[in-house]
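I have placed the structure first, in the form of structure tokens, so that the comments after it can refer back to it.
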Amino acid sequence: MLGASSLRKREVVEKRIQEVVTGTEPKDFFKQKRSPAEIKEAVFLPFFPIWCETLFAVQEPVEPVLYVDASAGLGLQEAGEWPVSFKVLKSIFARTGGRIDLNKVVQPFLYEGNKALAPTLPQLAEELPFYPELHQKPLFLHEPENVAVLQEQDTKASAVFLFVDPFGNKFSQELWARHLKLGKTDFLLLFDYKKVAAALSNQKAPNHLQALLGERLSGLQRYFAKTSNPAKKEAYALKAFSACLQEKGLNSSRFRINVPGKDQSSHQVWFVSKSDLAHTRFKELLLPFCEVQEDGVPVFGANLKTVRLLVPEYAKYLEFSLVNLMEDLVQNASVYNSMVLEKIYEKHNVGKPYSKANYQTAFEKLKEQGKITLLNPKTGQLVYKLTSACRIKFKV
């Protein structure tokens with residue numbers, strides 16, 4: 001059972017999504033093929049203010065927070081309306097004067113790789129009805145002087161959020177490589193795996209791949225040369241990609257979008273960050289889009305096939321299942337012993353599809369099995385009702 005506060009949070013998240021995907025239930029949104037602009041609007045637009053909230057939850061920024069968008073024109077040509085980046089500007093302005101006043105601290109930097117489209121964006125931005133009231137006017141990175149401003153500010157800023165296709169145009173690749181080195185940037189990556197495959201099939205790999213993969217690059221290229229199965233290539237490459245990020249101290253939450261009706265990747269949406277809380281909120285945002293296994297564990301992606309279990313015992317053979325979650329928690333009891341449920345969930349769920357409800361179910365079952373006891377977080381006294389605030393004491 002979800003507590004009242006968890007239900008309220010879920011309702012807020014689902015409302016934010018529903019505002020973006022108007023007229024479509026989130027679980028049905030990806031049942032038709034979506035463009036990069038539609039994906040960006042469905043995911044990044046509601047997530048950016050949530051990310052800011054997680055940042056303000058642990059610090060009050062003294063220096064500006066930078067929002068850097070390397071695909072600022074997405075949505076303009078397709079819909080004949082504001083690009084998604086301008087809708088993000090509106091969400092920044094909408095939080096003027098609030099407890100988290102994004103209008104005061106967020107400095108936007110926008111880049112568009114389409115050389116015909118890029119020069120039109122500054123003028124279009126000035127026509128926005130709220131533009132005069134933006135404390136931090138957007139700076140456009142097709143102008144060299146603004147690139148210099150970004151390079152000066154990104155070293156001083158308290159945090160940076162970069163929306164980028166790391167396998168896109170040369171400027172995007174350079175932004176990606178630079179901010180990987182900075183150590184203070186969180187990333188929302190939206191890319192088509194086919195670009196990764198093309199780059200790895202080329203013996204002369206681009207510099208951004210060399211910067212990320214390092215010594216792994218030659219091994220990946222050899223694997224691609226000798227392997228013909230596209231699915232195996234994709235799984236191997238993305239696993240290496242994630243491992244390289246982890247070596248840099250960055251965890252990745254990976255949301256795969258398949259072509260509707262096919263077992264074929266359309267787009268990958270990755271959130272890359274050091275923050276456990278931000279990963280948790282990213283996943284909570286995307287859970288309404290996900291299919292769910294028979295045991296209640298979400299499959300973190302869209303249009304992914306769930307495995308039909310002939311008997312419940314087969315769940316242990318899945319990569320992620322409620323049975324495996326319980327076993328993993330018990331095996332790592334020394335790590336999570338005496339933590340409150342909320343903190344265990346926040347720390348353990350990164351990179352895994354499990355929902356908060358899965359953890360609550362898992363701990364209820366472990367309690368029934370006599371493997372844990374529940375303690376009052378303040379007094380340490382034994383309690384019997386499981387809540388997010390309960391301290392979990394493992395007996396194993």
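Take segment 153-174 and flag every residue that is more than 17 Å from the chain's Cα centre (by Cα) and open to solvent by less than 10 Å² (accessible area, probe 1.4 Å).
If the condition is that a residue be more than 17 Å from the chain's Cα centre (by Cα) and open to solvent by less than 10 Å² (accessible area, probe 1.4 Å), then Asp154, Ala157, Ser172 are the ones that fit.
Within segment 372-386, which residues are of a type outside the set (A, V, I, L, M) and either surrounded by 12 or more Cβ atoms within 10 Å (Cβ to Cβ) or assigned to a strand (DSSP E or B) (or both)?
Once the filter is applied, which keeps residues that are of a type outside the set (A, V, I, L, M) and either surrounded by 12 or more Cβ atoms within 10 Å (Cβ to Cβ) or assigned to a strand (DSSP E or B) (or both), segment 372-386 yields Thr373, Asn376, Pro377.
Could you list, in sequence order, all residues of segment 328-343 that are without any contact (Cβ under 8 Å) to a residue 60 or more places away in the chain, more than 26 Å from the chain's Cα centre (by Cα) and closer than 16 Å to Tyr354 by Cβ?
Result: Gln331, single match.
Mind checking which residues of segment 170-205 are outside any helix (DSSP H, G or I) and modelled with pLDDT of 90 or more?
Passing the criteria: Lys184, Thr185, Asp186, Phe187, Leu188, Leu189, Leu190, Phe191, Asp192.
Based on this model, can you work out whether Ala231 counts as under 22 Å from Phe187 (Cα atoms), at pLDDT below 95, assigned to a helix (DSSP H, G or I) and among the small types (Gly, Ala, Ser)?
Taking the combined requirement at face value, the residue does not satisfy it.
Taking segment 139-152 only, how many residues are open to solvent by 60 Å² or more (accessible area, probe 1.4 Å) and in a helix (DSSP H, G or I)?
The total comes to 4.
Would you check if there is a residue in segment 103-114 being of a type in the set (Gly, Ala, Ser), over 22 Å from the mean Cα position of the chain (by Cα), under 19 Å from Glu81 (Cβ atoms) and surrounded by 17 or more Cβ atoms within 10 Å (Cβ to Cβ)?
no
What are the residue pairs meeting all of these: first residue in segment 384-396, first residue over 13 Å from Ile372 (Cα atoms), second residue among the basic types (Lys, Arg) and crowded, with 18+ Cβ neighbours inside 10 Å, Cβ atoms under 8 Å, and 6 or more apart or on different chains?
Ser388/Lys356
Can you tell me which residue within segment 277-302, out of those that are open to solvent by 10 Å² or more (accessible area, probe 1.4 Å) and in a loop (DSSP other than H, G, I, E, B), is nearest to Pro26 (Cα to Cα)?
Step by step, filter segment 277-302, then rank; the result is Cys290.
So which residues in segment 303-317 are of a type outside the set (Phe, Trp, Tyr), farther than 27 Å from Arg34 by Cβ and open to solvent by 30 Å² or more (accessible area, probe 1.4 Å), if there are any at all?
Scanning segment 303-317 gives Leu310, Val311, Pro312, Glu313, Lys316.
Which numbered condition in (1) under 19 Å from Thr361 (Cβ atoms); (2) modelled with pLDDT of 90 or more; (3) surrounded by fewer than 21 Cβ atoms within 10 Å (Cβ to Cβ) is the only one that Leu341 fails?
The one condition Leu341 does not meet is (3).
The values are calculated or read from the model by the stated rules, or taken from the named source; none is laboratory data. None of these values were measured; they are calculated from a predicted model. As a convention, Cβ positions derive from the backbone with ideal geometry for all residues, glycine included, and neighbour counts pool all protein chains shown. These area figures cover heavy atoms from the full protein model, side chains too; ligands, DNA and RNA do not enter into them. Shrake-Rupley method; radii C 1.70, N 1.55, O 1.52, S 1.80 Å.
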